[in-house]
Every structure is written in C-alpha cells, then in structure tokens.
Amino acid sequence: RAPTHPPISSTLIATSVHSNYIQQLYKAYTHCKDLLITKVCNPNKPNCPHPPTRNSWWTSKLPSSSTQTPLPKLPNLTMVRTKLNPSIPLLLRLSTVSNHRSIFVIIGSKSSNTVPTLYSLMNKTTLQRGGVLWCYKNELGFSSHRKKRMKKLKANAKRGITSDVTNDEFDNFLTQTEVEFCYYKDSQRVLGRTYNMVVLQDFDSLTPNILCRTLETCAGGGCIVICVDKVNSLKQIYGMTMDVHERYRNGGEEVKPRFNERFVLSLKDFGGLVVDEEFNLLPISKSSKKKLEQGEDAMSGTVVVEKKKTDQDVELEDIKEQLVDTPNVGTLLSLTVTLDQGRALLTFLESLTDRGRVTVAMTAARGRGKSASVGLCLAGAVGFGYGTVYVTSPSPNNLTTTFEFLLKGLKALKYEEHKDYTVKYSKYKDGRGDDVKVVTGVEVHRSHKQVVTYLPPSNPSLFHNADLIAVDEAAGIPLPQVKAIMGCSDMVFLSSTVTGYEGTGRALSLKLIKDIRERNKKKVLRESVEEAISSTKGSSSGKKDSALHESRWKNAASAAANSVASVTGGLKEIELKEPIRYGKGDPVEKWLNNLLALNQNEKVIKGRPAPRECELYSVDRDALFSYHKLSEQFLQRMMSLYTSAHYKNSPNDLQMLSDAPQHRVFVLLSPTAEEGGEEGELPDILAIVQVALEGNINKKNVEAQLARGQRSAGDLIPWTLAQQFGDSDFAKLSGARIVRLAVAEEVQGMGYGSRAVEELWRYFNGDVVNLRGEGGEDSDEESEQE
C-alpha cells in the first residue's frame, strides 16, 4: 500500500538550492498520482519511480553538490492483506441461522474503524438490510453530516490529498449506509426501535441503563459492537474511571470500579468475541471459540436451516384458519407472528367489540411484539368505527413500530393512502439539535372522520372525550400521569415492559395494575353483596325477623366468595413470552440479564423464624461482585428481592451498589444461616438494608458552597439541613442514611424490616461485635464512627 503525501509546492521547487533533485521527486510524485489514489502501486512497472516513505521524505539528506543525483532506491510498497480469523465470520453466520444476535467487544484506540468491516461481513451472511444505531457521548471523531463530509473529500482531492484504504472504506460505509447517530443522554428515544447493527462508542460513558436501552434494539441476526477505545488491554478496564464515578466521589474518596471488573469477567460467558482493532482474538475468547467450533460441526456446513414448526405455530395456524372469514379479525390476525401475539390481538379486538369500561394491560419482556400488537389493535379500532383514538408514549420516536403496523393493518383492511386516509408527520428536535421526522397521526375519511393521533403524556387534560386511549411503554411515563390519562376514557390499553430495563421500575405492575385490580375487586364484591341482599326476602316484613337477617348474611358471604372468579371483568391482563425480534434462547439476552441481575427469580422462603432470633450480616462487596458462582447466585437473589419489593428501581442501582465508596449493604438472615444446608445452597434473604455513610464535611467548604447557593452531590441529609436552617456546623457530624430497605414479598408485615433497622442501630452504636476483626469495609465503618 502506497503512503499518502502532501503536494509539493511550486515555491519550494523554485527557491530550493537543489532544484534538480526536487524536480525529479515532483515528477515521480505526479507520475504515480493516479496510482496513489487507488492505494496500489506496482513497483515492477517500468519508468515508475516511487516517492519515498513519509519518514524518509523529510529526513533523507539532500546531496551536497548541485548536480543531478539519481533517486534513492525505495522499498517494495505493495498492499499487504491479513487473513481474518475464521471465528469472526463463523459467529456472524451462526447468528444468522439461529436468528440470534452476535456481539463483539473491540479493544484499541482505533476500534471504531473496524465497524465497516463487520457490517460488510454481516451483510454477506444475511439478505436482510437494516439501519445502524451509533451511540456516543458527545464527540464522534468524524463528521456525521454527509454533505459536509463529501465537500471535504472533494476539497482534499483538488489539493492532491488522498486518504488511505481505511478512511475510504469508512467514508463509503457512512455514505452508503443508513446510520442513525444518538447521544447517550438521548438513548431513551430509541426504545421500541429496531436496528440491524448497534455500535456503542465511548465505553467510559456507558451506564447499565444505556446498555439495556441500546442492546435490546438490535434484531436477530444483527451485530452489536462495543468499542473500548481508551485502553489497549482488558486489564486496563479494571481501573478505568467512568463518568458516573464523579457523582460517587464525596470528599474526594477513591472509587473502586468493581462493576468494570465484573463486566470483564463476564465476557468469557457472553457468547461473543473479544478482539483487538486488527481482529486478533484475545485469550478471554477461548471458550467462545470452542462453542463456535461445536456449533459449526452441528451445522454440518449448511448455511440455510429450515425452521421447524412448534406446537405453538401449529395452534396459531389453526386459529387463523378458523377466523379467516371473520371481518377485520381474520385479516389482522394473519399479520401476527407468534401465538402469544395472536391471543393478545384477539383480546384487544374482543374488548373493542364489547365497548364497555375496560382496561387491558399487556406486559412482556423486550422484543416480544408489544408495539406491533398495539398498532394492529389501532387498525382494528378504525375498522370497528372508533372515531377518536389517542396514542401516547414517553417520546414520539417510541411509536415508530406502532404506527408502522397501524399502516400495515389499514393496508390489509383495503384502506388506500390519500384516498381513504392521510398520514401526518411532525418534526422533533433530537439531542443533537437535528430535526427528526416521525409519524404522529393518521386521519381516516372513508365513511366518517376518524383520527388516530399522538399526544404527549405530560398534559393529561388533552385526552378527554377519547373513545380509546393506547399507552405504549407505560413504564417510562411517571405513574401519576398514567393514572390521570386512564381517567379520561372508559377504554384504555396499556403496553409496557416489566422485565429487563423497564421492568426494574415496576411501578406499573406493583402499583398501577395492583390498584386497578383491588379497586375492581371491591366494586365486584360490593355489587355482588348488594344484589344478594336485595334478592333475599323473608316471609314477614317485621324488623326483628332474625331468620331473614341470617339468610341475607349467608347469601352475602356466599356471593362474596363466588365473585372472586369474576373480579377480572374490568381488567384484562396479557403477557407475551415468546420473542419476535430475535430467536428464543438468545445468548446476548441471557448475558445481559445475568450481568445486570435483571432476572426476577421467585425464590420461595422455606422457613419463617421469629424476627427477634434473626441476625444482621454485613456483605463484603469485593466478594459479592467477584463473579464467583455462589456470589453471583447471592447477588441475583438480592437484586430480585429489590425488584419485587420496590417499584422504583433501575439497572444503575447495581453500579451504585458496587462502586459507590460510601455505600454499605446488610442482609437479615435466619439464625441457622451459618449452619449450612445442602452443598452449594445459600441461606434465604429475609431483608436487605442499603446504607450510605454521610457527613463529616469541612465547615469552610460548606460555607463557601452555601454562599454561592450550591451543594455537592451526595450527603443528602447534611446538605439539606445545612441549607434549610443555615447551620454549617451540622454538616460536620457523621451519620448513616438508609437508602433502601427491602423485605421479601412473602414475609412482609411480619416484623423483619423492623428487626433489621433495630440491629443496624445497635451495630452503629457499638452494641454488636464485628466478627470479621481487622480489615474490610466493616472495620472502616467502626473507625469512622469512633
């Protein structure tokens, strides 16, 4: 490969003492100019002297005499092609066959330059073409504007400046591929979207929330690329300072990045490959390489594998055949892919035909087809004659899939655009300041005026007088707004994710749906009891007829017991389990759920000891996040208890629990916890207490910040009281704030939470002996308290 050189200026040639020698170099450069543009030079071509390399161009000495000197002998400048590791295309091919996602972690300062190569390899294994999502912090390192980039290339070509092979390949990738760039801070808007490739740049700015939002947008057969561009080895990630660590430093304490270490250790089980910027496999990918070789042997060299029909597929086909002649229903049902999606659509359409007061709540994990089901349901509402339909979500970009399937459903129902309906588009500013054009409404005018339009959830008063309200990604909307929106219509459809990223904030399932269920239960019970009492009549009209009263009480109790089966009359719950966006058993989904402890494991607590006999234990965070088998099992139980007991969680809580230097974790266990059970069995966790050590702030620092009206992150209680009462001496005190107290759902209300707080009080007052002795986090706590 020939190097690139700047053009030689005519002034240099005219004023140089050794003009003959430089003129020969200039002729050699201009003669090979066309060949330099193509990046390939043939050294054996006659009369084709090559320019020297970049280093020798400026360092080689000119001859002392002014006589003409022959050009120096140059090396063979041919393009060197390196052989690609066969595991890389093999992973892409196997992912395409199994409809799973492939993932690469690329280490090196130029890791982003490998993206065009991976995209080209991915396109060779699949016929599906899709967009690319490129997420970053604030600087790409190149221009994302196509016109500006082409203008710069043309200007460089006029000046004689040519780029190397890597730059040309990268420019072609950006020019010919549909790439959507997104700031990390705006990653919320990609929820509900689907891409064939996801690229994550600026690893030090990644958070668990961003990781969940972006990785789940990749479709099956697609590729995920995580670029770690500020290190040259995996070991350097252990000590890497993340952007979020700035919030954890209270008083300049050192942050120990346990989360990064656990992330690196989990790469041996994530089913992908860890390579450097030259596609050399790193030793941590040995286990993944063996699995790929086993998968290749099982595939026996075939590229296309026929998908076998399951029992669910056969049942879905039977339902479609039975309802093929049903107006609207059969047509829309033919667009469903899985049995769960078909049943959900039938439930939606059944509620539309009843036209009663009903709330349908559909919950599922990511990639199960919730947004598509809502879109088909809206098409059914148009077919059934609903006039005013409002749709809402955290952002209009989240409704891309919903409106896409709404238009597909209308087309299947023989609606024609411009003739029967009109699509409304609107422009919204994204985080980069660019205008994003999205679909925000559909106006139907076949028989009468019908409107399906998007409204922002921040203003619930706009939703009044709606025939139907559909709320997509309801977990991303504040709970008070969702409740206010639901009160604006008799028929409300809710769709949300309750596992994975959005599922960690279980306000929808723990609060909203539970309240609807309880309210509906009370209503049904009251109506049943009143009907039973009014229908019971005695033989006499006397007020002292005891037999009549006993008969009414008996009938009322019987009606209350029998009304439990009819409680779900005003609330219908749907759950989708089978994935659509990618195949079942996707390794990336499994790895992400294990890494961020997103699995909700229902662990049945065997015993219920007396609270006064239970003991409080301090958890060593170094051991908890060591990625040991037993440590992982204990961590998964802890986070599952957090999720089931609290309605406001996020994956970022896991990183704060692991890295924040001021935080401590305590668990309440049964008195027989240390006796041990079966091999590999861990004790049941009755309660968890997460504590943040606060205070001990310099008085001068407090007075200086209060004078400017500012306050540092963390130390919530000292700063709040000092700011409220103007007392700078209070911040000098030290204390402990309970950040979170979670009790297992099965034993709530039995006194275990009170016991945990009581033991914690005794611990910080020195009444409980530290059995660990010297060292560790516990000894640090004692020294701070002293």
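The values are calculated or read from the model by the stated rules, or taken from the named source; none is laboratory data. All values reported here derive from a predicted model rather than from experimental measurement. Cβ: placed from backbone, ideal geometry, glycine included. Neighbour counts: every protein chain shown. Remember, those area values only see protein heavy atoms, side chains included, never the ligands or the DNA or RNA. Shrake-Rupley method; radii C 1.70, N 1.55, O 1.52, S 1.80 Å.
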For this session: Within segment 567-590, track down each residue that is at pLDDT below 65 and open to solvent by 60 Å² or more (accessible area, probe 1.4 Å).
Result: 568
Problem set entry | Test: residue 674 is out of contact with any strand residue (DSSP E or B) (no Cβ under 6 Å at 6 or more places or on another chain), closer than 26 Å to residue 607 by Cα and without any contact (Cβ under 8 Å) to a residue 12 or more places away in the chain | yes
Exercise. Is it true that residue 705 is farther than 30 Å from residue 597 by Cα, assigned to a helix (DSSP H, G or I) and open to solvent by less than 30 Å² (accessible area, probe 1.4 Å)?
Worked result: yes
Problem set entry | Inter-residue pairs, beta-carbon under 9 Å, first assigned to a loop (DSSP other than H, G, I, E, B) and in segment 721-748, second among the polar types (S, T, N, Q), 6+ apart | 733/696; 744/644
For this session: From the list 593, 649, pick out the single residue that is assigned to a helix (DSSP H, G or I), under 30 Å from residue 102 (Cβ atoms) and open to solvent by 10 Å² or more (accessible area, probe 1.4 Å).
Result: 593
Exercise. Given the structure, is residue 104 hydrophobic (A, V, I, L, M, F, W, C) and modelled with pLDDT under 85?
Worked result: no
For this session: Restrict the check to segment 379-394 and report whether at least one residue is modelled with pLDDT of 90 or more and under 17 Å from residue 580 (Cβ atoms).
Result: no
Problem set entry | Selection count, segment 336-350, where residues are part of a loop (DSSP other than H, G, I, E, B) and over 27 Å from the mean Cα position of the chain (by Cα) | 0
Exercise. Considering segment 596-626 alone, what residues qualify as being among the β-branched types (Val, Ile, Thr) and open to solvent by 50 Å² or more (accessible area, probe 1.4 Å)?
Worked result: 604
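Scan segment 627-641 for residues that are in contact (Cβ under 8 Å) with a residue 60 or more places away in the chain and surrounded by fewer than 20 Cβ atoms within 10 Å (Cβ to Cβ) and jot them down.
627
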For this session: Scan segment 375-412 for residues that are more than 17 Å from residue 423 (Cα to Cα) and among the aromatic types (Phe, Trp, Tyr) and jot them down.
Result: 384, 386
Seminar exercise, completed: Filter segment 652-661 for residues that are open to solvent by less than 20 Å² (accessible area, probe 1.4 Å) and within 21 Å of the chain's Cα centre (by Cα); the one that is nearest to residue 690 (Cα to Cα) is 657
Exercise. Across segment 242-270, what is the number of residues that are open to solvent by 30 Å² or more (accessible area, probe 1.4 Å) and closer than 30 Å to residue 289 by Cα?
Worked result: 4
For this session: Could you grab me the full set of residues in segment 694-731 that are touching a Ser or Thr at 6+ places or on another chain (Cβ under 6 Å) and β-branched (Val, Ile, Thr)?
Result: 702
For this session: From 447, 461, 426, grab the single residue that is over 24 Å from residue 345 (Cα atoms), open to solvent by 50 Å² or more (accessible area, probe 1.4 Å) and touching a helix residue (DSSP H, G or I) at 6+ places or on another chain (Cβ under 9 Å).
Result: 461
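Which of the residues that make up segment 662-671 are modelled with pLDDT under 90 and under 28 Å from the mean Cα position of the chain (by Cα)?
Let us first name the residues in segment 662-671 that are modelled with pLDDT under 90, namely 662, 670-671.
Across segment 662-671, the qualifying residue is only 662.
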For this session: Please indicate, with yes or no, whether at least one residue in segment 208-218 is open to solvent by 20 Å² or more (accessible area, probe 1.4 Å) and under 16 Å from the mean Cα position of the chain (by Cα).
Result: yes
Problem set entry | One residue from 353, 400, 326, 331 being of a type outside the set (D, E, K, R), open to solvent by 30 Å² or more (accessible area, probe 1.4 Å) and part of a loop (DSSP other than H, G, I, E, B) | 326
Exercise. Which one is modelled with the highest pLDDT, of the residues in segment 324-362 that are under 24 Å from residue 515 (Cα atoms) and acidic (Asp, Glu)?
Worked result: 350
Exercise. Only one residue in 597, 610 is farther than 21 Å from residue 649 by Cβ and of a type outside the set (Ser, Thr, Tyr). Which one?
Worked result: 610
Problem set entry | Residue, nearest to residue 125 (Cα to Cα), within segment 271-323, restricted to residues that are modelled with pLDDT of 85 or more, of a type outside the set (D, E, K, R) and in a loop (DSSP other than H, G, I, E, B) | 272
Exercise. What are the residues in segment 672-701 that are at pLDDT below 80 and either among the aliphatic types (A, V, I, L, M) or surrounded by 13 or more Cβ atoms within 10 Å (Cβ to Cβ) (or both), if any?
Worked result: 673, 701
Exercise. From the list 404, 417, 443, which residue is under 23 Å from the mean Cα position of the chain (by Cα) and among the charged types (D, E, K, R)?
Worked result: 404
For this session: Looking only at segment 605-619, decide whether some residue is at pLDDT 90 or above, under 20 Å from residue 210 (Cα atoms) and not aliphatic (A, V, I, L, M).
Result: no
Exercise. Going through segment 224-258 one residue at a time, which ones are within 24 Å of residue 695 (Cα to Cα) and among the polar types (S, T, N, Q)?
Worked result: 250
